[in-house]
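Trainee: Next up is a structure, given as structure tokens.
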Amino acid sequence: MANTEYFDRYLSQIDQPTYAKAISETTDTFYEKILDEFDWVSFRQCLMYGDVQSGKTSHVLGIIGRAFDEGIRFALFLTSDNTRLVDQTFERILGAFPSVSVCNGNDDLRFRSTVKNHKNDQPVLVVLNKNKAVLNRWKKIFETTSAIHGKPLLIIDDEADAASLNAKVNQGQQTAINKVLEEIRNFAPSCIYLQVTGTPQANLLQAKLDGWRPDSILSFGPGDSYIGGTQLFNDIPNPNVRGFASGEHAESKTLNDAIVTFLITSALLKDLGESGCNMLIHNSRQREFHDSAAETVEDAISEFRKTLDTEETKALISNIWKSELQPLCKLNNSVDSIVELLHDFLQNTEPKTVIVNSDNKIEEDDALKTGFNVVIGGDSLGRGLTIPKLQTVFYSRTSKSPQADTLWQHARMFGYDRRLEFLRIFMPGDVLKTFHEVHKGNEAIKRQLSNNPNIDEINIDLDSSVRPTRRTVLNNDYLKTLVGGVNYFSTDPVVPDMKNLDEILDKFSTQDTDLKISTRQVSTILKQFEADHNDFPLKAFIGILSDRLNKNPADQSWLFIRRGRKVKQGTGSLLSENDRKSGDAITLDPVLTLYRIDQSLGWSSSPIWVPNLKLPNGSLFYRSIE
């Protein structure tokens, strides 16, 4: 390993020892998996996966420092097409690496001068937003300078699952940003392309031949104080999250409850010395709904002020305090003391409504760090926007076909500076269930990564009501979807050691039998077969069973053994009607049915065992195949 001048200088700026340790561990893993094996003449593509709003940029800066220490002298940092985010990223990098020549999208003259008079030992880093015009202009700059030609290149693609992927892959075309990124990375004789995201579904399902599928994965866990899916959506219901019924009346009533909850929370936190507290309302992607929500909030706060001393309002405060907030925060305040705090708060503080959408953008990064604000918006409340001190969330946006990655990017309640004992989330019941299902799918990805980091064996496991990502970026010819509740059998299996498989199955029974056995045993039985992956994807099936075992080592599945069957190879169905009905009656566990065919009926050998697998109902398993 080379010296660690740039990395050490950056790490010295981190004043939290546990955080610095986590960054060091991530950087060491990157060095071991990527940098140490990099041959300086090839192209490597690595996926860096961390939870939404868990501090990925801080870890990325550590990786950049280590890459500079190892001799890479040119890096490109790509951000979302958001001017505020570009400026924020530029300032962070400039502060992290003061001796590096850091340029933004408007620094083309300085960049040309730097490259022309470049000292070989000074790294250059360019921060660009993923905008077609910006990238094309800089592609021409790279073409007309010697900055990249003949030199290894490090590309950091933040939110790499968004604009970077080709959304015309099924049309035989290429989107403009995807095309120019491909051209830029091809300028260099060697390149490490780091795809950074908190929602990796689209990246994991890329087809290899399209050139954007990562060849390795680097993942890291959040810090100890992080609040995310595990705390909020692992078990539902829970004290932090309230689901409400669908319908306009229920939504209107719950929104009013959420506003009152925010006011009580703000009054308490201000009394405890906090300088600010924020609420988020994510109700629609349409701007007119944002204006309407802002009016509703302002009217509700005004009415609350006027009626604060009425019995009806005191009853509402009492209900919210005693049934929801007090059990969370464990404070001993009486209802009367809460009313007094609210009087003081509303007399001395003016909560603000802040609309964030394409017409109304937050220009200053510190705009929400102080004061008491209700932030309202839709799509603009996703990637790239961190809402500090967020304690109350009202999320009512619905979708007929929810996507796991998009939904999870809406989870702005995740982060480090929230106080879990005051955090309250309000959602329609069906939306809450969807968040729960997406969380389970994300945890399945993490378990697979921790136990088997081979990207070719990763499955995306989701409830049938949720898609992993937008269809346009996935090559349909190389996307395999396995549906829970459907019978999959091999039309032409091979059993390399028939005698061994017979001995294994005879230990269970020499007769026809239905048994509930360990999922480990089912996995071992499946490993006795070989089959074309387009016909019977054994690796995918074994990976799915392995994830069940990672979640629960005592997991069980069903084994149906049937002997002396007479089924011709090439028939459209393997199972008899009775066996199909028996398997269909089992909905929560995998069912492996094995037919022993003794006669020569067109199969690869005689005798032969033919497998049929049915996965648990209600789930979809996605996988990229070649």
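Trainee: Of all residues in the stretch 130-154, count the ones that are assigned to a helix (DSSP H, G or I) and of a type in the set (S, T, Y).
Mentor: Residues that pass the stated criteria total 0.
Trainee: If you don't mind, another one. Output the number of residues of the stretch 40-67 satisfying the condition of being within 25 Å of F414 (Cα to Cα) and in a loop (DSSP other than H, G, I, E, B).
Mentor: The number of residues fulfilling the criteria is 6.
Trainee: How many residues, within the stretch 242-282, are in contact with a Ser or Thr (Cβ under 7 Å, 6 or more places away or on another chain) and of a type in the set (V, I, T)?
Mentor: Total meeting the criteria: 2.
Trainee: Which of (1) surrounded by fewer than 16 Cβ atoms within 10 Å (Cβ to Cβ); (2) in the same structural domain as E25 (by TED's automatic domain parsing) does E288 not meet, given it meets every other one?
Mentor: With (1) surrounded by fewer than 16 Cβ atoms within 10 Å (Cβ to Cβ); (2) in the same structural domain as E25 (by TED's automatic domain parsing) applied to E288, the lone miss is (2).
Trainee: Here is a follow-up. Condition check: in contact with a Pro (Cβ under 9 Å, 6 or more places away or on another chain), buried (at least 21 other Cβ atoms within 10 Å of the Cβ) and in the same structural domain as V486 (by TED's automatic domain parsing). Does I544 satisfy that?
Mentor: Yes, satisfied.
Trainee: Continuing with the same structure: Give the stretch 241-265 a look and list any residue that's touching a strand residue (DSSP E or B) at 6+ places or on another chain (Cβ under 6 Å), under 12 Å from R424 (Cβ atoms) and part of a helix (DSSP H, G or I), or say none.
Mentor: If the condition is that a residue be touching a strand residue (DSSP E or B) at 6+ places or on another chain (Cβ under 6 Å), under 12 Å from R424 (Cβ atoms) and part of a helix (DSSP H, G or I), then T254, A258, T261, F262, T265 are the ones that fit.
Trainee: Continuing with the same structure: (1) in contact (Cβ under 8 Å) with a residue 40 or more places away in the chain; (2) in contact with an Asp or Glu (Cβ under 8 Å, 6 or more places away or on another chain): which one isn't true of L549, the others all being true?
Mentor: (1) is the only condition that L549 fails.
Trainee: Six or more apart or on different chains, Cβ atoms under 8 Å: show the pairs whose first residue is in the stretch 343-361 and farther than 19 Å from G273 by Cα and whose second is basic (K, R).
Mentor: Listed by first residue and then by second, the contacts come to N357/R287; S358/R287; D359/R287; K361/R84.
Trainee: Take T265 and decide whether it is within 28 Å of the chain's Cα centre (by Cα) and either modelled with pLDDT of 95 or more or not assigned by TED's automatic domain parsing to the domain that holds G415 (or both).
Mentor: Answer is no for this residue.
Trainee: Another one. Only residues that are outside any helix (DSSP H, G or I), among the charged types (D, E, K, R) and under 41 Å from the mean Cα position of the chain (by Cα): list them for the stretch 294-341, please.
Mentor: Matches in the stretch 294-341: K330 only.
Trainee: Give me the pairs, please: first residue somewhere in the stretch 44-60 and in contact (Cβ under 8 Å) with a residue 12 or more places away in the chain and surrounded by 21 or more Cβ atoms within 10 Å (Cβ to Cβ), second residue anywhere and in a loop (DSSP other than H, G, I, E, B) and charged (D, E, K, R), beta-carbon distance under 6 Å, and either six or more positions apart or on two chains.
Mentor: Sorted first by the residue in the stretch 44-60, then by its partner, the pairs are Q45/D215.
Trainee: Let me ask something else about it. For the stretch 129-186: of the residues being closer than 21 Å to T406 by Cβ and of a type in the set (D, E, K, R), which is surrounded by the fewest Cβ atoms within 10 Å (Cβ to Cβ)?
Mentor: K168
Trainee: Let me ask something else. Of the residues D271, D224, D257, which is touching a residue at least 60 places away in the same chain (Cβ under 8 Å) and not assigned by TED's automatic domain parsing to the domain that holds K369?
Mentor: It is D224.
Trainee: Moving on to the next point. Tell me the residue from I236, I177 that is of a type in the set (V, I, T), more than 20 Å from K56 (Cα to Cα) and in a loop (DSSP other than H, G, I, E, B), please.
Mentor: I236
The values are calculated or read from the model by the stated rules, or taken from the named source; none is laboratory data. No experiment lies behind these values; they were computed from the predicted model shown. With ideal geometry, Cβ positions are generated from the backbone for all residues, glycine too; neighbour counts draw on all protein chains shown.
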